[in-house]
Amino acid sequence: MFEVRPSSNPEEYGLAVYGIGQYVGAPPTEEQIGRFKQVLPIEGMHAAFEDGTIVGGAGAFPFELSVPGGVLPCAGVSVVGVYPTHRRRGVLRALMDVQLQDVHERGEPLAALWASEETIYDRFGYGLASWAGEVRLARVWNSYARPFERRGTTRFVAADEAATLFPPVWDALMRERPGWIAKRGAEGLLCAAAPDGTGYAFKVADGKLPRAVVLVDQFHCHLGTGRLRA
């Protein structure tokens with residue numbers, strides 16, 4: 001049996017994150033942990049223990065999800081991984097069971113994730129929530145159907161200004177479209193993404209709020225299928 005509980009300090013937090021992080025890079029540094037816990041609180045990262053040693057982890061970001069008629073709290077499940085020494089021994093199931101119990105106890109009616117392998121999470125009660133697609137066109141066929149007219153201006157902004165400019169745009173978008181997520185306390189996300197105060201672009205069109213904002217060269221978008229547990 002494995003003991004599963006929320007991380008209680010930065011050291012446990014880093015080892016739990018490394019459950020998935022080791023497959024793509026080196027152990028997180030203190031600086032990286034300090035930035036990451038601004039968006040994923042220490043208590044939001046569960047760790048699986050065997051004889052006092054961490055052998056896996058699973059995180060849940062404190063998100064809000066837009067739904068028809070409003071917004072609901074949502075656990076953004078991510079950073080899920082098991083150490084290679086303990087795969088196929090029930091660590092993932094133990095993590096999912098405790099994590100979803102805690103989500104329920106916190107009063108979050110939804111848990112959502114992007115699945116790296118969509119067949120993994122059906123067994124834990126997740127189901128298909130959305131589709132995404134990608135279209136590739138040869139350059140010869142990618143002209144605009146109508147003449148393109150450039151409107152507005154785009155400029156870089158620092159983190160403190162982005163924390164003021166971005167949230168109203170995102171809030172307006174969430175009111176229009178179900179299925180969009182926002183982190184509760186989005187200022188932390190901005191600071192964690194670009195600690196040096198660079199990397200944000202803001203577009204203003206005809207003096208109005210833009211339809212979108214851009215985070216440049218910090219995160220990469222991933223297309224796939226979203227899965228939702230209610």
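One line per residue, one yes/no per condition, for (1) closer than 19 Å to Gly44 by Cα; (2) basic (Lys, Arg):
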{"site": "Arg89", "(1), (2)": "no, yes"}
{"site": "Met96", "(1), (2)": "yes, no"}
{"site": "Ala112", "(1), (2)": "yes, no"}
{"site": "Glu117", "(1), (2)": "no, no"}
{"site": "Tyr144", "(1), (2)": "no, no"}
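From the list Arg150, Arg155, Arg184, which residue is closer than 23 Å to Gln38 by Cβ, modelled with pLDDT under 85, surrounded by fewer than 17 Cβ atoms within 10 Å (Cβ to Cβ) and not aromatic (Phe, Trp, Tyr)? Full working, then the answer.
On the way: Arg150 fails: closer than 23 Å to Gln38 by Cβ; Arg155 fails: closer than 23 Å to Gln38 by Cβ.
Of Arg150, Arg155, Arg184, the one residue that is closer than 23 Å to Gln38 by Cβ, modelled with pLDDT under 85, surrounded by fewer than 17 Cβ atoms within 10 Å (Cβ to Cβ) and not aromatic (Phe, Trp, Tyr) is Arg184.
For the stretch 15-43, what are the residues that are small (Gly, Ala, Ser) and either surrounded by fewer than 23 Cβ atoms within 10 Å (Cβ to Cβ) or touching an Asp or Glu at 6+ places or on another chain (Cβ under 6 Å) (or both)? Let's see the steps before the verdict.
The initial filter retains those residues of the stretch 15-43 that are small (Gly, Ala, Ser), namely 16, 19, 21, 25-26, 34.
Gly21, Gly25, Ala26, Gly34, listed by residue number.
So in the stretch 103-119, with the set limited to residues that are farther than 24 Å from Gln22 by Cβ and either in contact (Cβ under 8 Å) with a residue 60 or more places away in the chain or in contact with a helix residue (DSSP H, G or I) (Cβ under 6 Å, 6 or more places away or on another chain) (or both), which one is surrounded by the most Cβ atoms within 10 Å (Cβ to Cβ)? Reasoning before the result, please.
Start the filter on the stretch 103-119 by keeping residues that are farther than 24 Å from Gln22 by Cβ, which leaves 103-112.
Checking which are either in contact (Cβ under 8 Å) with a residue 60 or more places away in the chain or in contact with a helix residue (DSSP H, G or I) (Cβ under 6 Å, 6 or more places away or on another chain) (or both) leaves us with 109-112.
Working: Pro109: 14, Leu110: 19, Ala111: 25, Ala112: 23.
Of everything passing the filter in the stretch 103-119, Ala111 is surrounded by the most Cβ atoms within 10 Å (Cβ to Cβ).
Which residue pairs have Cβ atoms closer than 9 Å, lie 6 or more positions apart in sequence or on different chains, and pair a first residue in the stretch 67-90 that is more than 17 Å from Val4 (Cβ to Cβ) with a second residue that is of a type in the set (S, T, N, Q) and surrounded by 17 or more Cβ atoms within 10 Å (Cβ to Cβ)?
Leu72/Ser66
Can you pull out the residues in the stretch 120-133 that are within 20 Å of Ala16 (Cα to Cα) and either modelled with pLDDT under 90 or among the β-branched types (Val, Ile, Thr) (or both)?
The answer is Ile120, and nothing else.
Could you check the stretch 64-92 and list, in sequence order, the residues that are crowded, with 18+ Cβ neighbours inside 10 Å and in a loop (DSSP other than H, G, I, E, B)?
Tyr83, the sole residue that qualifies.
Is there a residue being over 28 Å from Ala129 (Cα atoms) and either free of Cβ contacts under 8 Å to residues at least 40 places away in the same chain or part of a helix (DSSP H, G or I) (or both) anywhere in the stretch 52-63? Steps first, please.
Of all residues in the stretch 52-63, those over 28 Å from Ala129 (Cα atoms) come to 52-55.
Now drop any that are not either free of Cβ contacts under 8 Å to residues at least 40 places away in the same chain or part of a helix (DSSP H, G or I) (or both), which leaves 52-53.
There is at least one residue in the stretch 52-63 that is over 28 Å from Ala129 (Cα atoms) and either free of Cβ contacts under 8 Å to residues at least 40 places away in the same chain or part of a helix (DSSP H, G or I) (or both).
Pick from Ala201, Ala205: which is at pLDDT below 75, more than 19 Å from Trp114 (Cβ to Cβ) and touching a Lys or Arg at 6+ places or on another chain (Cβ under 6 Å)? First the steps, then the outcome.
Numbers: Ala201 fails: touching a Lys or Arg at 6+ places or on another chain (Cβ under 6 Å).
None of the others qualify; the one that does is Ala205.
For Glu108, are the conditions met, namely being of a type in the set (Asp, Glu), assigned by TED's automatic domain parsing to the domain that holds Ile33 and not in a strand (DSSP E or B)?
Judged against the criteria, Glu108 is a match.
Please go through the stretch 25-78 and give me each residue that is in contact with a Cys (Cβ under 9 Å, 6 or more places away or on another chain) and polar (S, T, N, Q), ordered by number.
Once the filter is applied, which keeps residues that are in contact with a Cys (Cβ under 9 Å, 6 or more places away or on another chain) and polar (S, T, N, Q), the stretch 25-78 yields only Gln38.
If you go through the stretch 120-134 one residue at a time, do you hit one that is surrounded by fewer than 12 Cβ atoms within 10 Å (Cβ to Cβ), out of contact with any Phe, Trp or Tyr (no Cβ under 8 Å at 6 or more places or on another chain) and not in a loop (DSSP other than H, G, I, E, B)?
For the stretch 120-134, residues surrounded by fewer than 12 Cβ atoms within 10 Å (Cβ to Cβ), out of contact with any Phe, Trp or Tyr (no Cβ under 8 Å at 6 or more places or on another chain) and not in a loop (DSSP other than H, G, I, E, B): present.
Would you mind finding the one in Val103, Val91 that is assigned by TED's automatic domain parsing to the domain that holds Val77, out of contact with any Phe, Trp or Tyr (no Cβ under 8 Å at 6 or more places or on another chain) and of a type in the set (A, V, I, L, M)? Outline the logic, then answer.
On the way: Val91 fails: out of contact with any Phe, Trp or Tyr (no Cβ under 8 Å at 6 or more places or on another chain).
From the options Val103, Val91, the qualifying one is Val103.
The values are calculated or read from the model by the stated rules, or taken from the named source; none is laboratory data. Here the structure is a predicted model, which means the values were calculated and not measured. Note that we place each Cβ from the backbone using ideal geometry, even for glycine, and neighbour counts take in every protein chain shown.
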